[in-house]
Amino acid sequence: MALTTAEIEDAKPGITPHGRTTTKSYKIGDAAGLYLQLTPTGGKWWRFKYRFGGREKRLALGVYPDVSLIDARRSRDLYRSMLAEGIDPSEHVRMARAARIADAARQIAATRLTLDDEGALTFRLGTRRLSLTPDETNMLRDFLDATRSVGARATSCS
């Protein structure tokens, strides 16, 4: 039987839907692998249980009420369509998370060194920032060019 929002709201930690008291987590099932896991501390976690490659797997979909019943069902349906195409949803989520982390790292790296219209260079390392004036930036360029030419001569002589 499918869950309703009222049933979710009425669900209390430590009291199962059958009225029994418990000190453990318990599940309230929805349909097609979707269920709500209630923790003894009062957390309500959406989970999707499925089988892939002959193994039972679970995927966390979020915390109620941040993720509504409708959103949890949409996620479940999306992951079930992936299963129908032969894609493991947990692997898909893992790869998407890695891509987001890599994208964030690229964005941070892109903003680590900035050069404004006047030619002033700014370094950002973590929370610290070092800003050079346009004259200091030119001096740094000259220094780097000189060290590159010295390094190039040293390697060609070896």
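The values are calculated or read from the model by the stated rules, or taken from the named source; none is laboratory data. As the structure is a prediction and not an experimental result, all values here were calculated from the model. Cβ placement follows ideal geometry from the backbone for every residue including glycine, while neighbour counts extend to all protein chains displayed. We work out accessible area using only protein heavy atoms, side chains counted, and drop any ligands, DNA or RNA first. Shrake-Rupley method; radii C 1.70, N 1.55, O 1.52, S 1.80 Å.
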Could you grab the relative contact order for the chain? Cα pairs under 8 Å, six or more apart, rounded to a whole percent. 10
Below 15 angstrom from the Cβ of His18, what's the summed charge of the other residues (Lys, Arg +1; Asp, Glu -1)? +2
Taking the Cα atoms of the chain, report the difference between the largest and smallest coordinate on each principal axis, in whole Å and largest first. 81, 34, 29
Lys57: which aspartates and glutamates have alpha carbons under 13 Å from its alpha carbon, excluding same-chain residues fewer than 8 sequence positions away? Asp88, Glu91
Accessible area in square angstrom per residue, segment 17-64, 1.4 angstrom probe: 60
Spin-label point model (7 Å from Cα, Cβ direction): what's the Leu83 to Glu136 distance in nm? 5.9
Over the chain, with every protein chain in place, what whole percent of the accessible area is carbon and sulfur at 1.4 Å, could you tell me? 56
Which part of segment 41-58 falls in the paramagnetic zone of Thr23, meaning amide N under 15 Å from the point 7 Å along Cα-to-beta-carbon? 41
Charge tally in the Cβ shell below 13 Å around Gln107, where Lys, Arg are +1 and Asp, Glu are -1, Gln107 excluded: +3
What is the helix-to-structure angle for 134-157, meaning the angle in degrees between its Cα long axis and the longest Cα principal axis of the chain, kept from 0 to 90 and rounded to the nearest 10? 80
Once the in-chain neighbours fewer than 8 apart are removed, the aspartates and glutamates whose Cα is under 18 Å from Lys44 read Glu7, Glu9, Asp10, Asp30, Asp66, Asp71
Sorted peptide list for 58-71, 90-103, criterion being average Cβ within 10 angstrom, highest first: 58-71, 90-103
